[in-house]
Amino acid sequence: MIIIKSPREVELMKKAGRVVALVFEKVGPLVKPGVSTKYLNDEAEKVIRGEGAIPTFLGYGGFPGAVCISVNEVMVHGIPSEKIVLKDGDIVSIDVGATLNGYVGDACRTFACGICSERALKMIKVAEECFWNGMTKVKAGVHLGDVEAEIERTAKSYGCNVPRDYTGHGVGTHLHEDPYIPNYGKAGTGPILCEGMTLAIEPMILEGKADVRTLKDGWTTLSKDGKLTSHYENSLVVTKDGYEILTKL
Ligand code: MG
């Protein structure tokens, strides 16, 4: 069941979303060669708690970090670690969830660490472009499949792939609500978007094949072929004429 939020709930979600955006503003500039992903995690947690919010991912299904930090071939759910030290040329996605007053904001950015190759920078750009192209389709009355198909079309236009089993989702009082939002789909199919639906749309992009695998830690999910990956996400509310991003300052 897709839960429609009242204007009052949307206002609360904007407050949670603002905390997430603040993390990117504060922690993004700390992505530098020589820094561990544990350090970035701790700085992100300080920002979240400093705003009176709770890191949504900490303990979610047993996840041990405050945020997910996924480097290069790691697509999602990277566990922050002192042993993972960033190098010049890495691309680093930081996926942040913040719960404030019972509502969740969820977003992700992929950052360039130091001087990156054209190939790495392209991956960052493709994930962002997939998101924003998908967003051009979002408004009340359209099929969710229209959005998904546009994300997939954009990824393919760059010769990239999207995973089959990792998707965006509804968001609200819970991190994961209906509907599931794959990064592929068929226009004219799927649920019809309504005003007040709150969604986390999150293109995950694979430079090579669509196949991924998960490490023995049960979380770290990476491209099977070892090629680069990237990830971009915002939480948003569907409006009559389009949408409003919730995870912004
Ligand atoms: Mg998400």
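The numbers here are math on the coordinates, done by the rules we state, and not lab data. Owing to the predicted nature of the structure, the values given are computational and were not obtained by experimental measurement. Here the Cβ is made from the backbone with ideal geometry for all residues, glycine too, and neighbour counts use every protein chain on show.
Computed values, structure above
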| quantity | calculated |
| --- | --- |
| Segment 51-184 - Rg and Dmax from Cα coordinates, angstrom | 15.9, 48 |
| All-pairs Cα distance distribution in the chain, expressed in whole percent, bin size 5 Å | 1, 7, 15, 19, 20, 18, 12, 6, 2, 0 |
| Span-like helix ranges in the chain, DSSP H, alpha carbon extent 15 angstrom or more, Kyte mean at least -1.0 | 7-27, 118-135, 144-157 |
| Loop GluC sites (Glu not before Pro), segment 72-141 (other Cβ atoms within 10 Å of the site Cβ: 16 or fewer; DSSP) | GLU82 |
| Computed lengthening from GLU11 to ASP211, 0.36 nm per intervening residue step minus Cα-Cα distance | 68.2 nm |
| Pairs from LYS137/LYS224; LYS5/LYS240; LYS5/LYS122; LYS139/LYS224 whose Cα-Cα separation, in the structure shown, is over 24 Å | LYS137/LYS224; LYS5/LYS122; LYS139/LYS224 |
| Approximate spin-label separation LEU58-SER81, in nm, with each point projected 7 Å along Cα-to-Cβ | 2.1 |
| Net length gained if the chain between THR173 and ASP88 were fully extended (0.36 nm per residue, minus Cα distance) | 26.8 nm |
| Average silhouette area of segment 134-221, convex hull of alpha-carbon atoms, in square nanometres | 6.3 |
| Prolate/oblate/rounded call for segment 1-78, Cα gyration tensor, a/c under 1.5 rounded | prolate |
| Radius 10 Å from Cβ of LYS240, net charge of other residues (Lys, Arg +1; Asp, Glu -1) | -1 |
| Mean separation of Cα contacts under 8 Å, 6 or more apart, over the residue count of segment 32-93: relative contact order % | 42 |
| Residues of segment 178-211 with amide N under 20 Å of a point placed 7 Å along Cα→Cβ from ILE3 | 178-182, 191-202 |
| Cα-based reach from LYS46 at 16 Å (exclusive), listing lysines while leaving out same-chain residues under 8 positions away | LYS26, LYS38 |
| Cβ-derived FRET efficiency at R0 30 Å, ASP241 paired with ARG164, nearest 0.05 | 0.40 |
| Hits among aspartates and glutamates - C-alpha to C-alpha of LYS14 under 20 Å, sequence gap 8 or more where chains match | GLU25, GLU45, GLU51, ASP95, ASP106, GLU177, ASP178, GLU195, GLU202, GLU233, ASP241, GLU244 |
| Local net charge near ARG119, Cβ-Cβ under 12 Å (Lys/Arg +1, Asp/Glu -1) | +1 |
| Gain in span if fully extended, THR136 to LYS32, counting 0.36 nm per residue against the direct Cα distance | 34.1 nm |
| Gyration tensor verdict on segment 13-58 (Cα atoms; rounded if a/c is under 1.5, prolate if a/b is larger than b/c, oblate otherwise) | prolate |
